[in-house]
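Report on the following structure.
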Amino acid sequence: MKKKIALFALCIISITSFAHDATMKPFLDALMKKMTLEEKLGQLNLPGSGDIVTGQAGNSDIAKKIEQGKVGGLFNIKSVAKIKEVQKLAVEKSRLKIPLIFGMDVIHGYETVFPIPLGLSCSWDMDLIKRSARIAAIEASADGINWTFSPMVDIARDPRWGRIAEGSGEDPYLGSQIAKAMVNGYQGSDYTSNSSIMACVKHYAMYGAAEAGRDYNTTDMSRMRMYNEYLPPYKAAVDAGVGSVMASFNDVDGVPATASKWLMTEVLRRQWGFKGFVVTDYTGITEMVEHGIGDTQTVAARALMAGIDMDMVSESLLNTSKRSLKEGKVTLAQIDAACRRILEAKYKLGLFDDPYKYCNVNRAKTEIFTKENRAVARTAATQSFVLLKNSKNVLPLKKSGTVAVIGPLADNKENMPGTWSVAADFSKATSLLTGLKEVAGSQVKFLQARGANLDEDSLFEDRAGMFGKSLHRDSRPAAVILQEALDIAKQSDVIIAALGESAEMSGESSSRSNISIPKSQQDLLKALLQTGKPVVLVLFTGRPLALKWENDNVPAILNVWFGGSEAGYAIADVLFGDVNPSGKLSTTFPQNVGQVPIYYAHKNTGRALKPGKWFEKFRSNYLDVSNDPVYPFGYGLSYTSFGYSNLKLSSNALKGNQTLTATINVTNTGKYDGKEVVQLYIRDVVGSVTRPVKELKGFQKIELKAGETKTVSFSISPNDLKFYNYDLKYDWEAGDFEIMIGTNSNDVKKASINWVK
Ligand code: BGC
């Protein structure tokens, strides 16, 4: 009894301050003294929610484990009522009453769904991205969740990899800014508020470099490339105070990340100073048996000794660590360290003060999928779209006449939220057709037809229509489906072709070896173009596609990714010109899959092509395709046009810690008000090691009225010149640099400087 009172007293003390390191330590010391080895291992256990999702919490196998103190947390349970019921088991029935942590894949919104992360990254708007994470945190926390498995910050330069949809594209600088914005959005400045949830940066590390773009595949790269190109966004999340990290599935240079002491302890904790806890990915530990580094007990011991704290789903830490301890394969110190880190997270979240802090049933009724949240999601979606082509100003459309909306994605709401929309209610999403009708009003007559199935192969379509996101395949012969569409196309003034990928053609385990629009839809597109009517391709996709033919032949292309629950309205806002598009690509779009990996910050090689050429014998090129992408990184059009002039540098010769100011005039030379993302790139011309031909080092998103000019200014310091050299020392080297500012990575104004130490 006395002990309980003491524990209670410590709880009270902890309420008094969030800056709690002083109170947290004695509280957890006291708690851990009471814990048995089994209870400590229980904290490391994050089982699959299994029967709890569907069954009565009280009767399930997991419920029994919770009561026995064998569970540290659960994930992907939706509904505050259920979470409260489960939390009750932990705090009322288990011996030490340690609350559970509740995680979920809240990746791009909760019920109010924002664009897929790859899309949202094209907004280049950090306030908006932070706001989307904040809203996601408010909604998730109102429904009982206090931990999200986001942000996903894996740099990806291979569009075959389906998970490219979940991250922010190819660039470490942009990716790092977004990582920081999202962590701040989810976590707030601290966890005092019950709407701040813990973020979990993933998938650490280098998951996006899976060989051949095949999911879960091996990664093997130089340390220099890791440090300069792939690790920065994870580090940015750590620097922003992310509470947890998820280990990746893949093998990194011969060691699965989950068993990599170098990654989990040396880099993450020692070099970067990370203080939170590390969770594995789903069955990440036992998958190492298949990786071929030992049996279950061995791999669990390796994970723990590498620095893993929590075991998602495999339950192998719970089941084997006692034996491993006896056999000297793990240490009690390591078990204690892991257990303490998880308890610290719970403490920081305020769960010891109030285990039901996130279980306010009223909040769930009033704070989820609100009008205000949906309005932000609609704006975010408009900002994520990228206008890839607009010849003869086909766009924006007039709000009059007859519009044919054709394609398998023309009137399907469940695909709009995109991949990883675990908490979404698809019945509340809006299809493109519904959005168009709402925005255009009764002056426009809309006709709609499918025109083609997603793909000729019904089995492929099944694989690409999982998790309740079917496109409801039409079983009639392809020619009949096409003819129906051509009949309505003929009656229209303009055709909107809603084509591309279904939501589940990207995301986890959705790699593709062919990154074109499926042939059934290409045939439809060709037939629609042959009608001679203006065609606007509204392209749905979770990855960069190979669009050479489309770019050469279709007059207007608006890439809308998967825009979330409000996508239908947002697409209509942009098509009808209520919003002028301003998204800029965060990944390069190749001409064909053979160019992959293709990214703007490549090295020069010793045999670079001369400007203006696309083939020369004994130069670095292809016989059958130029080196150019279809759309470069940073590219995106607007209904207006922008001119760049007068690039000025404050100096051409700098020394030491001076600051360089680079300014440029940007003029809106068209007829519409618009937004432009002004991009700063730097090239380190000569280095002790080879350096990329350019690297993004800054950007500003500005708004310009038609005819208006603004001077945009960037401050550059030696910090912006730093990189990891051959010895992995982070420093800058004196010499010549090119300063480039422009509208995309391929279209810049240049000036040269020299900077000495
Ligand atoms: C994915 C993670 C996700 C986890 C939990 C895994 O399959 O790789 O990104 O957070 O499942 O749902």
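The values are calculated or read from the model by the stated rules, or taken from the named source; none is laboratory data. This structure is a prediction, so every number in the text was calculated from the model and none was measured. Positions of Cβ are generated from backbone atoms using ideal geometry, with glycine treated the same way; all protein chains shown enter the neighbour counts. Quick note on the areas: whole protein, heavy atoms, side chains included, nothing else; ligands and nucleic acids left out. Shrake-Rupley method; radii C 1.70, N 1.55, O 1.52, S 1.80 Å.
Shown in residue order for the stretch 630-643 are the 3J(HN,Hα) couplings computed by the Karplus curve 6.51 cos²θ - 1.76 cosθ + 1.60 at θ = phi - 60°: 6, 10, x, 3, x, 7, x, 9, 9, 6, 9, 10, 10, x Hz (x for Gly and Pro). Beta-bridge orientation, the chain: approximately 55 percent antiparallel, per DSSP, counting only bridges with both partners inside.
Using the 1.4 Å probe convention, the accessible area of the chain works out to 37 Å² per residue with neighbouring protein chains retained. In this structure, the amide hydrogen of Lys445, modeled 1.01 Å from its nitrogen in the peptide plane, lies closer than 5 angstrom to those of Gly401, Thr402, Val403, counting only residues at least 5 positions away or on a different chain. Sorting 97-103, 113-119, 281-287 by average packing, meaning the other beta carbons within 10 Å per residue, from highest down gives 113-119, 97-103, 281-287.
Along the Cα→Cβ direction, 7 angstrom out, place labels at Ser193 and Met466. What is the inter-label distance in nm? Placing both labels 7 Å beyond Cα along the Cβ direction yields 3.6 nm. Under a 5 Å amide H cut-off, with hydrogens placed 1.01 Å from N, Asn390 pairs with Ile557 among residues at least 5 apart or on other chains.
Too long at a 18 Å Cα-Cα cut-off: which of Lys33/Lys97; Lys398/Lys533; Lys437/Lys675; Lys84/Lys357? Result: Lys437/Lys675 exceed 18 Å. Shown is the FRET efficiency for Thr370 and Leu649, computed with R0 = 45 Å from the Cβ-Cβ distance and rounded to the nearest 0.05: 0.40. Rounded, prolate or oblate, given the Cα gyration tensor of the stretch 622-757, with a/c below 1.5 counting as rounded? Taking the square roots of the gyration eigenvalues as a ≥ b ≥ c, the stretch 622-757 is oblate. Taking 0.36 nm per residue of separation and subtracting the Cα-Cα distance, full extension of the segment from Leu623 to Lys445 would add 59.2 nm. The lysines whose alpha-carbon is closer than 16 Å to the alpha-carbon of Lys130, local same-chain residues fewer than 8 away aside, are Lys180, Lys701. Peptides 22-29, 649-656 ranked from most to least packed by the mean count of surrounding Cβ atoms within 10 Å: 22-29, 649-656. In order along the stretch 484-490, the Karplus-derived 3J(HN,Hα) couplings, from 6.51 cos²θ - 1.76 cosθ + 1.60 at θ = phi - 60°, round to 4, 5, 5, 4, 7, 4, 5 Hz, and Gly and Pro are given as x.
Under the simplified labelling scheme, the Leu459-Thr605 pair shows an inter-label distance of 3.8 nm, with each label point 7 Å from Cα along Cα→Cβ. Straightening the chain between Asp673 and Thr36 buys 222.7 nm, computed as 0.36 nm per residue apart minus the Cα-Cα spacing. Look at where the Cα atoms of the stretch 371-434 and of the stretch 220-294 average out, and the two centres are 36 Å apart. Surface composition of the stretch 642-756: carbon and sulfur make up 43 percent of the accessible area, probe 1.4 Å. Here, the chain is characterised by an Rg to Rh ratio of 0.98, where Rg is the alpha-carbon radius of gyration and Rh the Kirkwood radius. The label-point distance for Asp220 and Lys398, in a model that sets each label 7 Å from Cα toward Cβ, rounds to 6.2 nm.
Normalised by 2.2 N^0.38 Å, where N is the number of residues, the C-alpha radius of gyration of the stretch 171-221 stands at 1.51. Pairs of alpha carbons in the stretch 370-591 separated by more than 26 Å make up 28% of all such pairs. Our estimate of slack between Asp29 and Arg473, defined as 0.36 nm per intervening residue step minus the Cα-Cα distance, is 153.9 nm. With Cβ to Cβ distances under 14 Å as the rule, what net charge do the other residues near Glu266 carry (K, R +1; D, E -1)? Neighbourhood net charge equals +4.
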